[in-house]
Amino acid sequence: MTDILALDATDLIAAVGGARLSHRAVAEAYLDHIAAREAGIGAFEFLDPGMVLTRADALDSAGAAGPLAALPVGVKDVIDTCDMPTGYGTAAYAGTRPVWDAPCVTQCKQAGALILGKTVSTEFAMASPGKTRNPWNPAHTPGGSSSGSCAAVASGMALMGFGTQTAGSIIRPASYCGVVGYKPSFGLLEPAEIKVLAHSLDTLGLITRSVRDAALIASVLGVRPGLALNGTPGAAPRVGLFRTPPFEAAEPGTLAALEHAVARIEAAGGRVVDIPPPADFIVTHDIHAAIMGWEVTRALAHERTVLWDRLTPVTRAFLAEKAQIDAPAYDAARAALPRIRATLAEAMADVDVLLAPAAPGPAPEGLGATGAPVFNTPWTALHMPALSLPAILSGGLPVGVQVIGRVGEDARTLAAAAWIEARLDAPGAAP
């Protein structure tokens, strides 16, 4: 008998497509597992088992399996859904019913996926945490803002979760939860009908068990078959070790994760070279802060003026800080990006991808904050594809490493990340 929960997304989709498994069997297996795990983790904001089973039966009755057949998906609660509430992570919008599905949700349904429910997000995908706990240790944060999606995949309650990243909201929680987080090149996946924070930063991405799964799903949703990884990883990539400034923020766990990755890459015949950060790279943090500050202040104008008293103190403080950015600072930040891109491109000339910290360290203890995006904001501002790969356990908690590629070179970046992933011998699923 097939252990459905042991299958990764690629193998599960193939099994359903080959009529070796039914959509109903997958739905029942995942709903049973959610019933056993959800109370201690709190990954879902909304879950209707009856809806999932009805959808599974309809797919079985139709007799055709799509390219994402029976893929169990968690949809982050900042992404619109017409048949489930979309609360944007805030009590101010609890129970809201959009009149449409976001394109990414529609695409999943058309491809035969099973939408399990809405996963917990921080308020407006910013800084105020939700109820989700880290599956490895419930006393620690799962990170944010894609907390529910990362925790659901890490605990085996979903095979893919949608995440969004405006600062570090995919890569950091993926590292904390020990899963693969894929932030594509800006715009590769359609971000329409997702609560806007910063229109020039917001990126839709994927949380999965493996790089292979992320590549397959992205190939379908991005309508780019060349992203899919077929067969075993190819030639060893040329890797640049990039100590993202301020590198002093890297804790012992992250330093150990990078050392482990470098050692495994080199032992397998890969080449790792040091890439000193360009002198002007440190300003990417200020650039990101200025762009996000100006854009989020305008994107959440209604919330700031009409719903202010219904927001959490953390969100109000966050928005008050961001509102200090003026138009000249925003324009200067946008104008500085081409120069940073040019100097970084020169630094990366002889490598395929960069290897960098994914988070300062393992997930911090406590549930009142979601950790710092200090090692993520540059890559978000520069629109570069990035993946968090599980690497080691530190104090019983996962720590990932980040693989970053050139804008638009997602296929090359995914292939390099898959090669590195295969060498890491990373810890498995959360207990």
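The values are calculated or read from the model by the stated rules, or taken from the named source; none is laboratory data. Bear in mind that the values here come from a model prediction, so they are computed numbers and not experimental data. Neighbour counts run over all protein chains shown; Cβ positions are idealised from the backbone, glycine included. SASA here: full protein model, heavy atoms, side chains in, ligands and nucleic acids out. Shrake-Rupley method; radii C 1.70, N 1.55, O 1.52, S 1.80 Å.
Take GLU45 and decide whether it is over 30 Å from GLU303 (Cα atoms), of a type in the set (Asp, Glu), in contact with a strand residue (DSSP E or B) (Cβ under 7 Å, 6 or more places away or on another chain) and modelled with pLDDT of 95 or more. So GLU45 does not fit the description; no.
Can you tell me which residues in segment 83-104 are assigned to a loop (DSSP other than H, G, I, E, B), open to solvent by 30 Å² or more (accessible area, probe 1.4 Å) and small (Gly, Ala, Ser)? Passing the criteria: ALA94, GLY95. Of all residues in segment 182-211, those being closer than 21 Å to ARG406 by Cβ and not in a loop (DSSP other than H, G, I, E, B) number 7. Considering only residues that are open to solvent by less than 50 Å² (accessible area, probe 1.4 Å) and either within 30 Å of LYS109 (Cβ to Cβ) or touching a Pro at 6+ places or on another chain (Cβ under 7 Å) (or both), which ones fall in segment 220-250? VAL220, LEU221, GLY222, LEU227, ALA228, LEU229, PHE242, THR244, PRO245, ALA249, ALA250, listed by residue number. So, in segment 3-28, how many residues would count as being open to solvent by 70 Å² or more (accessible area, probe 1.4 Å) and assigned to a loop (DSSP other than H, G, I, E, B)? Going through segment 3-28 one residue at a time, the tally reaches 3. For segment 127-134, indicate whether the set of residues that are open to solvent by less than 20 Å² (accessible area, probe 1.4 Å) and either closer than 27 Å to ARG224 by Cβ or of a type in the set (A, V, I, L, M, F, W, C) (or both) is non-empty. No, segment 127-134 contains no residue that is open to solvent by less than 20 Å² (accessible area, probe 1.4 Å) and either closer than 27 Å to ARG224 by Cβ or of a type in the set (A, V, I, L, M, F, W, C) (or both).
When we screen SER128, SER149, SER145 for residues that are closer than 27 Å to ALA29 by Cα and hydroxyl-bearing (Ser, Thr, Tyr), the only hit is SER149. Residues that are β-branched (Val, Ile, Thr) and under 22 Å from the mean Cα position of the chain (by Cα) within segment 29-78 comprise ILE34, ILE41, VAL73, VAL75, VAL78, listed in sequence order.
Say we look at segment 57-70 and pick out the residues that are open to solvent by less than 40 Å² (accessible area, probe 1.4 Å) and out of contact with any Leu (no Cβ under 6 Å at 6 or more places or on another chain); which of these is farthest from GLY117 (Cα to Cα)?
Taking segment 57-70 as the starting set, the residues that turn out to be open to solvent by less than 40 Å² (accessible area, probe 1.4 Å) are 59, 66, 68-70.
Next, only the ones that are out of contact with any Leu (no Cβ under 6 Å at 6 or more places or on another chain) stay: 59, 66, 68-69.
Working: LEU59: 17, GLY66: 20, LEU68: 16, ALA69: 17 Å.
Applying the filter and picking the extreme gives GLY66.
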